[in-house]
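Down below is the structure, laid out as structure tokens.
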Amino acid sequence: MTEFLLVGSADELKPGDEPIVVEINRRWVAIYNIDGQFYAIEDRCTHDDGPLAEGTLKGCIVECPRHGARFDVRTGKVLSGPAGTVDVPTYQVKIENDQLWIGVKRA
Ligand code: FES
């Protein structure tokens, strides 16, 4: 089951803005608006905990600022670098009445 938690107004994150980082259930989550589509990934590189929101974004690919691992923000998939084959967790995002919600899986 997925529970959605309110982050705030979707208007506050425009296409091309720096990602916003929120704490959800003791994890930092980076939320991106890429060409009007919202994506959320854990803000923690699977190599050595680098802050992905501080990395360089090219298209939908973020490069970790610490050692350069690259991840697809849409899927969390690791593409290259020292993170090996460990993908970064993603979160569902939904917009309702201009409010941005993040989905958290519950057991
Ligand atoms: S912490 Fe991200 S590549 Fe090392």
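The values are calculated or read from the model by the stated rules, or taken from the named source; none is laboratory data. It should be emphasised that the depicted structure is a prediction, and the values quoted were computed from it without experimental measurement. Ideal geometry is used to build each Cβ from the backbone, glycine not excepted, and the neighbour counts take in all protein chains shown. Protein only, heavy atoms only, side chains kept; ligands, DNA and RNA dropped before computing areas. Shrake-Rupley method; radii C 1.70, N 1.55, O 1.52, S 1.80 Å.
So if I check each of 36, 76, which one is more than 19 Å from residue 9 (Cβ to Cβ), among the small types (Gly, Ala, Ser) and more than 10 Å from the ligand (Cβ to nearest atom)? First the steps, then the outcome.
Values: 36 fails: more than 19 Å from residue 9 (Cβ to Cβ).
Only one candidate qualifies: 76.
Quick one: is residue 57 open to solvent by less than 40 Å² (accessible area, probe 1.4 Å), among the hydrophobic types (A, V, I, L, M, F, W, C) and away from the ligand (no atom under 14 Å from the Cβ)? It would help to see each step written out before you state the result.
Details: open to solvent by less than 40 Å² (accessible area, probe 1.4 Å): no; among the hydrophobic types (A, V, I, L, M, F, W, C): yes; away from the ligand (no atom under 14 Å from the Cβ): yes.
So residue 57 fails the test.
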From (1) in contact with a Phe, Trp or Tyr (Cβ under 8 Å, 6 or more places away or on another chain); (2) within 11 Å of the ligand (Cβ to nearest atom); (3) open to solvent by 40 Å² or more (accessible area, probe 1.4 Å), pick out the condition that doesn't hold for residue 47. (1)
Output the number of the condition that residue 21 fails; it satisfies all remaining conditions of (1) part of a strand (DSSP E or B); (2) of a type in the set (A, V, I, L, M, F, W, C); (3) out of contact with any Asp or Glu (no Cβ under 6 Å at 6 or more places or on another chain); (4) open to solvent by 40 Å² or more (accessible area, probe 1.4 Å). (3)
Output the number of the condition that residue 71 fails; it satisfies all remaining conditions of (1) open to solvent by 20 Å² or more (accessible area, probe 1.4 Å); (2) within 11 Å of the chain's Cα centre (by Cα). (1)
